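Let me begin by presenting the structure, written as structure tokens, before commenting on it.
The values are calculated or read from the model by the stated rules, or taken from the named source; none is laboratory data. Quick caveat: nothing in here was measured; it's all calculated off a predicted structure. Cβ placement follows ideal geometry from the backbone for every residue including glycine, while neighbour counts extend to all protein chains displayed.
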Amino acid sequence: MSAETKSRTASPQPVETSARGESMPIWLVSVFILTAFAGMIYVAVHGGWFDPLVYPPFADIQHVDAWTRPPALGDGIKKGKVVFEANCAVCHTSTGAGSATTGCPPLDGSEWVLAQGPNRIIRIVLNGLAGPIEVKGGKYGGGSIQMSAVGAALSDQQVADALTYVRASWSNKGKGAAPVTPEQVKSIRDKVKDKTGFWSPEELLKISDKD
Amino acid sequence: MSATISQSQPAGTAPDANPAVSPAETDLSARVLLLLFLSAALWLVGGSVLGLISSLNFHKPTLFADCAAFSYGRSHPAAINALLYGFAAPAGLGVLLWLAAHLGQAKLTGIPLVILGWLLWNVGVTLGVVGIFLGDNTGHEWLEFPRYASAFLFAGYLPIGLAGLLTFKNRQPGPLQMAQWFILAAFFWFPWIFTTASLLLVIWPVRGVMQSVVGWWYMNNFGNVWLVLMGLAVGFAFAPKFAKAPLYSRDMGLFTFWSLILFGSWAGIPAAAPVPSWIPAVSTLGAFLMVAAILATFLNLTKTLRQADRHAVRTIPELFIPFGVLAFTVASLMAVVSQPIAVSVVTNFTWFIPAQQEMLVYGFFTMTMIGAIYYIVPRLAPVAGTDLLLGKASFLLCAIGVLFYVVPLAVGGIIQGSSMNDATVPFLNVVKGSLMAIRGSTLGELLMILGNAIFLLNLILMLFRFFKTSTTVFLAGANKTVGVGA
């Protein structure tokens with residue numbers, strides 16, 4: 001009815017729904033260009049060239065490198081202590097004394113640990129060991145008491161750090177045992193990758209402790 | 001739902017076959033929006049009272065010392081979320097639905113959808129606010145509602161958004177008006193950012209510092225893009241309406257729109273964020289790229305408004321909405337200025353940031369929406385010969401209130417940041433030094449509460465008078481009695 005006829009005549013659009021064709025003033029275009037330019041310079045100066053390793057307040061990766069302290073010898077020992085406490089100290093104890101009652105041999109003063117090279121102890125950490133094993137004149141382990149392949153889940157760096165820590169701590173300090181490098185761990189890890197089961201002391205003794 | 005569509009359009013006809021609908025018929029079909037406006041106004045008053053409660057913790061820290069629910073850590077996010085989700089979203093969506101129908105000369109389509117969405121949404125907001133008070137806060141700023149509440153929000157948004165798109169689709173053919181661009185984008189923007197942020201932060205949280213990146217992205221998109229899209233839709237629709245003249249420049253309007261869509265969502269990641277440097281750097285570039293768009297918006301809308309007859313008496317919405325345009329410009333420029341590291345090193349972690357957010361959420365968005373609702377409601381519920389109660393006072397209270405809130409906190413924030421960077425100033429002195437600014441802001445909050453309360457009172461009065469005088473049946477009769485309200 002009336003609504004119908006009204007809607008037919010309501011078609012002409014009111015003036016407020018239209019828009020004039022004024023173009024953007026040239027100074028505003030300049031503002032856009034200048035702010036865009038300034039913004040890009042800002043990205044060039046502060047953006048670290050999209051390197052995922054560059055965090056504020058550093059400008060680029062050279063800047064980060066220059067401010068990052070190179071790893072000192074002591075760092076491996078400090079990190080190694082963390083790895084040791086988390087993975088080894090449960091059995092070998094935090095003082096490296098081991099425990100005769102649990103059948104876990106000492107690391108402090110152990111001739112295996114203080115061997116000239118780390119070839120054997122890297123293998124023990126990577127694959128584990130089934131005793132009995134003679135350490136400092138005592139017999140440890142054997143039967144159901146074995147060391148599992150703790151190092152299999154650790155990185156080369158972690159294994160190296162933990163062994164470096166063990167070779168330089170307690171009474172082992174000052175015995176001249178050289179630090180263990182991740183490269184040594186890697187080369188042995190490659191050599192033993194097909195080995196199944198634990199090492200036995202006899203097998204290990206056939207391997208030279210030093211390359 | 002299909003029943004609703006067929007009321008305005010027989011099945012199978014092309015959209016351009018819709019007859020144009022008179023404004024009075026549109027208003028009659030859109031009465032359901034009164035629900036959204038009323039609940040929004042209730043949450044606005046409720047949220048601002050909660051905000052005041054949280055601020056009281058600054059002035060008397062022992063006040064709620066034995067009441068975990070009212071401690072700052074709960075009452076503050078409860079207040080912010082009540083304002084954002086209880087008021088801002090439904091108010092904005094209600095205004096957008098009205099505009100979509102009005103500018104398209106169509107009826108509001110999908111009334112049952114709007115009612116369903118409104119119910120679910122408000123259940124979500126209520127659950128969320130209660131959840132925050134009970135300690136279920138998710139810990140992500142502006143997304144603090146626990147996931148059981150977010151699910152209701154999402155379920156509630158879908159039908160409302162669908163009604164918006166259906167109404168938009170029924171528009172009269174022809175080139176889009178400037179406001180229609182913003183309306184369409186706003187309907188899609190919220191579900192995108194809300195689902196993305198909820199999935200990545202609340203449902204299957206990303207790891208570590210990426211959570212902060214997603215959080216900043218969401219806050220920026222919610223405030224500086226979604227609220228801006230909705231608020232500018234109102235600006236671009238109402239400025240020509242008030243001036244009774246065409247929009248000053250279509251080109252500049254489109255420039256604003258595309259800048260916002262393309263660059264708006266980059267900004268918001270603070271320069272000192274503990275993430276790879278390129279992320280805040282690109283964020284800063286995005287902020288810089290918005291400068292021209294912000295100025296273009298200001299210029300475009302003020303030049304449009306200047307075409308008005310200078311001697312005509314200004315109505316209340318004509319006070320609120322231009323204030324919103326000004327506040328948009330100030331708030332957006334504050335956000336841009338505080339983005340580069342040279343300034344951020346001072347303003348980050350200070351009161352400057354809340355000041356900027358308040359300028360945007362209240363000064364710009366809330367003022368704009370109050371103005372639009374003051375304009376729309378008398379048309380949805382027409383009662384002859386009545387005026388707004390204390391209309392000018394409500395504007396002055398809101399406007400002065402937001403200035404009292406923002407100016408002391410912005411200035412106080414800069415002083416706070418400068419002294420925090422000075423190693424010789426003890427930290428406690430910095431904390432005590434910002435107390436004066438907080439006192440000013442609390443005074444502002446009180447004024448805004450009064451302004452909000454008058455707004456709510458006006459809505460209730462208008463509805464009351466309408467029910468009393470109207471012979472039409474509310475809501476249910478809206479479609480059957482086309483023409484009566486005209």
Any chance residue B:30 is without any contact (Cβ under 8 Å) to a residue 40 or more places away in the chain and in contact with a Leu (Cβ under 6 Å, 6 or more places away or on another chain): no
Candidate set: region B:392-433, residues that are among the β-branched types (Val, Ile, Thr) and within 30 Å of residue B:317 (Cβ to Cβ); chosen: the one nearest to the chain's Cα centre (by Cα): B:402
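Matching residues to (1) in a helix (DSSP H, G or I); (2) more than 23 Å from residue B:269 (Cα to Cα); (3) away from every other protein chain (no Cβ under 14 Å):
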site	(1), (2), (3)
B:176	no, yes, no
B:181	yes, yes, no
B:193	yes, no, yes
B:198	yes, no, yes
B:202	yes, no, yes
B:229	yes, no, yes
B:235	yes, yes, no
B:239	yes, yes, no
Residue count for region B:426-466, restricted to those that are free of Cβ contacts under 8 Å to residues at least 24 places away in the same chain, of a type outside the set (Val, Ile, Thr) and assigned to a helix (DSSP H, G or I): 6
Residue among A:98, A:103 that is without any contact (Cβ under 8 Å) to a residue 60 or more places away in the chain, over 18 Å from residue A:81 (Cβ atoms) and touching a strand residue (DSSP E or B) at 6+ places or on another chain (Cβ under 9 Å): A:103
Test: residue in region B:51-63 that is of a type in the set (D, E, K, R) and either in contact (Cβ under 8 Å) with a residue 60 or more places away in the chain or crowded, with 24+ Cβ neighbours inside 10 Å (or both): no
In region A:98-107, the residues that are farther than 24 Å from residue A:208 by Cβ and either buried (at least 17 other Cβ atoms within 10 Å of the Cβ) or modelled with pLDDT of 85 or more (or both): A:98, A:103, A:104
Test: residue A:190 is surrounded by fewer than 19 Cβ atoms within 10 Å (Cβ to Cβ), in contact with a Gly (Cβ under 7 Å, 6 or more places away or on another chain) and over 24 Å from residue A:99 (Cα atoms): no
Selection count where residues are at the interface with another protein chain (Cβ under 7 Å from one of its Cβ atoms), surrounded by fewer than 24 Cβ atoms within 10 Å (Cβ to Cβ) and within 24 Å of the chain's Cα centre (by Cα), scope region B:270-291: 2
Conditions (1) surrounded by 20 or more Cβ atoms within 10 Å (Cβ to Cβ); (2) among the hydroxyl-bearing types (Ser, Thr, Tyr); (3) modelled with pLDDT of 95 or more; number of the one not met by residue B:138: (3)
Given (1) crowded, with 20+ Cβ neighbours inside 10 Å; (2) modelled with pLDDT of 95 or more, number of the condition residue B:267 does not satisfy: (2)
Inter-residue pairs, beta-carbon under 8 Å, first at the interface with chain B (Cβ under 7 Å from one of its Cβ atoms) and in region A:39-53, second of a type in the set (Ser, Thr, Tyr) and assigned to a helix (DSSP H, G or I), 6+ apart: A:39/B:284; A:42/B:284; A:43/B:284; A:46/B:284
